[in-house]
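Have a look at the structure below before the remarks.
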Amino acid sequence: MQRHDEDSIRINPSILAADFVNMQAELARIDGADFVHVDVMDNHFVPNLTFGPQMVERIQATSPVPLDVHLMITDPDRWAPGYAELGAASVTFHLEAAAEPVALARRLREIGSRAGVAVKPGTPVESLFDHLGEFDQILVMTVEPGFGGQSFMPDTMPKLRLLADEARRRGSSVWLQVDGGIGEATIAQAAEAGADTFVAGSAVFGAGDPDAAIRGLRGLAAAHHH
């Protein structure tokens, strides 16, 4: 497969690493990103609580880039469509939490959002192989979901590689996203394993110049993705 150029690499900064009180200013700092990754946690599916639809609606209204909403919540079958209805460009729910993942993905697409499915580090991905066409994005978590600032787990890479090989074999255009501990030291490894969409938190928001950080990460990923 040809090396990807930078156009097919996406960098999605995670607002978990942003200053919530100055959200509008923080969003303005990442206008060079492809999407903004919005982590919704319910203190039930994961042991942390962030925010819900009202905050996401405000982020949607002020963000210079489209929203990539990641729902770390119980019962996404009930709640995920509401986020698509708010206008989020992409809505990702967890495979472990969904009762009917394919039906939910179809519903999200029907509303007009991209449909994503996420898997925790310990969740196998083989059950997704026959349904790749139902999803626009598969998110392989590279940390246990719940908190920002954790270390990247390299043992999630074989699973990512499996998905990338299967997607290539089936001619699928599904985006493969990684989230957790992604920065200059780890992005090459994830790109080599087949990721094309990268969630970065402190590596972007912690930088003096977030747009330069985004460009740097995009260049590193493009150089290693093949």
**Asked** Quick one: Ser172 ticks every box in (1) part of a loop (DSSP other than H, G, I, E, B); (2) within 15 Å of the chain's Cα centre (by Cα) bar one, so which box is it?
**Response** (2)
**Asked** over 21 Å from Pro66 (Cα atoms) and surrounded by fewer than 15 Cβ atoms within 10 Å (Cβ to Cβ), is that true of Phe147?
**Response** yes
**Cβ-Cβ under 8 Å pairs, at least 6 apart or on other chains, the stretch 164-184 side among the aromatic types (Phe, Trp, Tyr), far side part of a loop (DSSP other than H, G, I, E, B)** = Trp175/Asp136; Trp175/Asp196
**Complete:** Subset of the stretch 211-222, residues farther than 15 Å from Ser8 by Cβ, out of contact with any strand residue (DSSP E or B) (no Cβ under 7 Å at 6 or more places or on another chain) and surrounded by 14 or more Cβ atoms within 10 Å (Cβ to Cβ), comes to Asp211, Ala213, Arg215, Gly216
**Request:** For residues that are part of a loop (DSSP other than H, G, I, E, B) and of a type in the set (A, V, I, L, M), scanning just the stretch 181-199, find the one that is farthest from Gly216 (Cα to Cα).
**Result:** Ala193
**Asked** What is the number of the single condition among (1) under 24 Å from Leu162 (Cα atoms); (2) aliphatic (A, V, I, L, M); (3) under 18 Å from the mean Cα position of the chain (by Cα) that Val102 does not meet?
**Response** (3)
**Prompt:** Of (1) closer than 17 Å to Ala200 by Cα; (2) in a strand (DSSP E or B), Val117 satisfies all except one. Which?
**Reply:** (1)
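Read-outs: derived from the displayed coordinates by stated rules, not from any lab. On a predicted model such as this, the values are computed, not experimentally measured, just so you know. Cβ: placed from backbone, ideal geometry, glycine included. Neighbour counts: every protein chain shown.
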